[in-house]
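The values are calculated or read from the model by the stated rules, or taken from the named source; none is laboratory data. Please read these numbers as outputs of a predicted model, since none were measured by experiment. Here the Cβ positions follow ideal geometry from the backbone for every residue, glycine too, while neighbour counts run over all protein chains shown. Protein only, heavy atoms only, side chains kept; ligands, DNA and RNA dropped before computing areas. Shrake-Rupley method; radii C 1.70, N 1.55, O 1.52, S 1.80 Å.
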Amino acid sequence: MKLAKLGHWERLLQAVICRRNFGNLASTFNKQLSRIPAVSPKLSKGLFGIPELASSEGFIALEERVKCDTDDLVAESVDNGRQRKMVEVFDELSDTLCQVADLAEFVRIAHPDRKFSEAAENACININALVERLNTNVELYTSLRRATEESDVAPLTSVDEHVSKLFLFDFEQSGIHLPENLRESIVGLNDRILRLGQRFAMNSHEPRRVPKHLLPPYLANNFPSHGNNVVISSFHADSSNEQAREAAYKLYLYPDKSQEEILDELLLARYELVNLCGYPTFADRTLKNSIAGSPGLVKDFLDVLKIELERRALEEYDVMRHLKKKDVGARDELYCWDPPYLTAILKKQIQGLKSSDFAPYFSIGNCMEGLNLIFQALFDITLEPCVLEEGESWHSDVHKIAVVHAQEGLLGYIYCDFFERHGKPHQDCHFTIVGGRMLSNGNYQNPVVVLMLNLPAPSWRKPSLLTPSMVENLFHEMGHAMHSMLARTTYQHITGTRCSTDLAEVPSVLMEFFASDPRVLSKFAKHYKTGEPLPEKAIRSLCAAKHAFTASETQLQTFYAALDQTYHGKHPLNATTTEILANVQKEYYTLPYVHNTAWQLRFSHLFGYGAKYYSYLLSRAVASWIWQDLFRENPLSRDSGEKYRRGLLAHGGGMPPPEILAKFLKQDISASNLARSLINEIENRRMEVNNISR
C-alpha cells in the first residue's frame, strides 16, 4: 500500500516538473498576453501537470483515491504492529488530504471555467466531510495521543514531538477528548460560529443607502445615487470636502442593530466553544502555538506601544492640523475622518510625483528581475521561467517559474497569476498547492505554490506597469512564496507558511522593507522604454513618502488590535460592543470616539482574524528586528541572507515560534523587546521623512 501510494504521488509531482525556459524574466513577464483558446481534453496534460485534471471530472478520481489511501493510513495508525512513527503516518495522511483539498480550494476560487470550479467545490465539500469524520475518530485520536505522550515505535526527535502535539491540538479543537454530549455541543457551536461569521463579514461591506431628502444638496451631490437614495459604500477618505468626509464617516458607521446582534452572538459562541475545550478565553486558544503565546504578552506589547506612541502621534497630529488649516473653511480640530486624507496629501508632497508617474519605471518584468537579483544575492537562488504544458494552467495569463539553487538544484515552482480579469477574486493571495516534505525513499517533495495578484494586464503597446503600492504587494506575496520554497521541513504539516499567523507574516513583511529601500530599488527601477533609471532623488522621495505619519498609523493599528483582544477576552463583556469600542479608543487612540457610530460593525477581520489582528503589528516588529540586525547596513548581504534562511525560513513551523525566534535573534521574545524594535523602526522612518521634507 505504502509503495503504491508514494509511487502515485511521485508520478503526479514528476508530471508537474516541466521544461525550464532559461529565458529572461523581464521579457517573459513584459510580453503581450496571448489569448490561447481552450485546450482540448485530449491534448491537455492536466492542471498542474496532474493527468486526471485534463477535465473537471478528474476531481472525482482524485477524491476516490484519497478515500482509499486515507482508509489505508488510518488502518496503519491504529494497527498494534505499526512499523513507522505515528507522526510520519499522520503527516502522510495530512499530505494526502491537503494535496487534493488545497488544490480544490484554489481551483474553486480561481478557475474561470464553471465546470472546473463547481467540480472543485464539490471536492472541497467531500474532502472536508472526510476530515470531519477523521476528527471524530476516537480510536485514531487515542492512538496518536498514546504515541505522543507515552511511547512510539522509535524515539521521537524534538521536531517529531512538536508536530505530534500540533496534530493533537488540531484534534482537540473539535472536542474529541471530551464526553460525547460535549462533543456534540462543540460541533453545533462550530457550525453556528461559521454561519454567524459569514453573515457578519458579508454585512460589514454592505453599502448604506440614505434617502436623498435627508441630506442637503451640497452633501448629497458628493455621493453616487440610486433612485431616491444616495449610496455610501466607503468612508470617502480621499474627498477634499471635509463635510463630505464627515457625512460619509457618520452615515457609513451608523449603528445597525441586526449586525450588532450578530457580532454579540458570534463573540459569545466563540467564548462558549473554548470554555468547553478548557480555555479561559477565545484568545487563549487562538494564541497557543504562536509567537505571542498568550493574550498576556499581546496586552503587554500593546500597552508598551500605547505609551511610546502617544507623544510621537501627537507630534504628527500637529502636522496634520497645520495641513488642514491650509484648506479653505476647514475646522482646526482633527477628527477620525481626517488622517487618511491628510496623510495622502503629505505623501504626495514628499513624493513630488503622482503614483502613476512612477509606474513606467516599475514594469512587472523589471520588478521580477529585481526580486531575482535579491534572491540571487541573499540565497544564491534564481527564478527561471518555465514552458507551460498544454492544459497545465487555468488561464493563458499565468506564468510559471522554477526556483533553483546554484548547488541544491530545483527547490520548487511558483505559478504567477498576476493580471486582472473578469471574475477573478480581487484579493492578493498566496496558495500552497503542494507542501514540501521528506519522502520515505529519501527524495524531497518539492513545494508548488500560486501567487495571485490583480495587476493591470500588459498590452501590445506596453507591459504591465505597477504603482509603488503594487510593487510592495508583489514583494509581500513573494515573501510568502519564498518561505514555502526555503522551508525544507521533514513534515508538510509545518512547511513554509503552515505556522502561526504572526510567524507566517514575518517573511512577507520583511520583503516590504526591501521594496522600500532606495539601494534595492535603484537596482531595477528603470523605464520600460528607454532603460533610464529612476533618479536617485525620486527614489528617496518615494521611499520616504511611504512612511508619512507612521506613528499615528501604528497607534490606530494598536487600537484595533486592543479592541480585537478585548472582544475575544472574558465574557460577559458587561457592556455593548459599541461602549467597549468607545472605552478602548479612549485608552489607545488619541482622536476621540465619534458619538453614534459603530466602527466595529464594519470590522470584518473580527471573523477571519478573530483574536489575531495583533499579528499585523507583532510581525512587523519581528521583521523590523531582523532588518535592523541583518540587512540595514547591507540589504544584499549573502552572509545575512544565509543566516536568515537557516535561522528562520528553513524551520517553517517545525519548532515553537518563540523558540525559533529566540535562537535566531539571540534575545528573548518579550513585549518590551518587540515594542522597542517597532519604535526604532518608526524613529528611523520619521528621520527619512524629515530629511526629505527639509
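Overview of values
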item	result
Residue in segment 308-318 that is open to solvent by less than 40 Å² (accessible area, probe 1.4 Å), over 30 Å from residue 537 (Cβ atoms) and modelled with pLDDT under 95 present	no
Test result for residue 65, outside any helix (DSSP H, G or I), at pLDDT 95 or above and either of a type outside the set (Asp, Glu) or open to solvent by 40 Å² or more (accessible area, probe 1.4 Å) (or both)	no
Residue in segment 357-378 that is surrounded by the most Cβ atoms within 10 Å (Cβ to Cβ), counting only those that are of a type outside the set (A, V, I, L, M, F, W, C) and within 19 Å of residue 544 (Cβ to Cβ)	361
Segment 605-627 residues that are on the phi > 0 side of the Ramachandran plot, paired with ones that are among the small types (Gly, Ala, Ser) and at pLDDT 95 or above (beta carbon under 9 Å, 6 or more apart)	611/283; 611/569
Which listed residue, of 123, 129, is part of a helix (DSSP H, G or I), open to solvent by less than 50 Å² (accessible area, probe 1.4 Å) and touching a residue at least 24 places away in the same chain (Cβ under 8 Å)	123
Filter result for the condition that a residue is more than 20 Å from residue 433 (Cα to Cα) and open to solvent by 20 Å² or more (accessible area, probe 1.4 Å), over 164, 143, 204, 174	174
Filter pass, residue 249 being open to solvent by 60 Å² or more (accessible area, probe 1.4 Å), among the aromatic types (Phe, Trp, Tyr) and modelled with pLDDT of 95 or more	no
Options 493, 476: the member that is more than 27 Å from residue 161 (Cα to Cα) and open to solvent by 20 Å² or more (accessible area, probe 1.4 Å)	476
All positions within segment 457-473 that are part of a loop (DSSP other than H, G, I, E, B) and open to solvent by 20 Å² or more (accessible area, probe 1.4 Å)	457, 459, 460, 461, 462, 467
Selected residue [assigned to a helix (DSSP H, G or I), within 21 Å of residue 155 (Cβ to Cβ) and touching a strand residue (DSSP E or B) at 6+ places or on another chain (Cβ under 9 Å)] from 102, 95, 91	91
Inter-residue pairs, beta-carbon under 9 Å, first within 19 Å of residue 138 (Cα to Cα) and in segment 176-199, second open to solvent by 80 Å² or more (accessible area, probe 1.4 Å), 6+ apart	177/145; 187/132
Residue within segment 385-400 that is under 21 Å from the mean Cα position of the chain (by Cα), of a type in the set (D, E, K, R), open to solvent by 20 Å² or more (accessible area, probe 1.4 Å) and under 26 Å from residue 100 (Cα atoms) present	no
Hits in segment 256-312 - residues which are of a type in the set (Ser, Thr, Tyr) and either assigned to a loop (DSSP other than H, G, I, E, B) or touching a Pro at 6+ places or on another chain (Cβ under 7 Å) (or both)	279, 281, 290, 294
Positions within segment 663-679 being assigned to a helix (DSSP H, G or I) and open to solvent by 60 Å² or more (accessible area, probe 1.4 Å), in sequence order	663, 672, 676
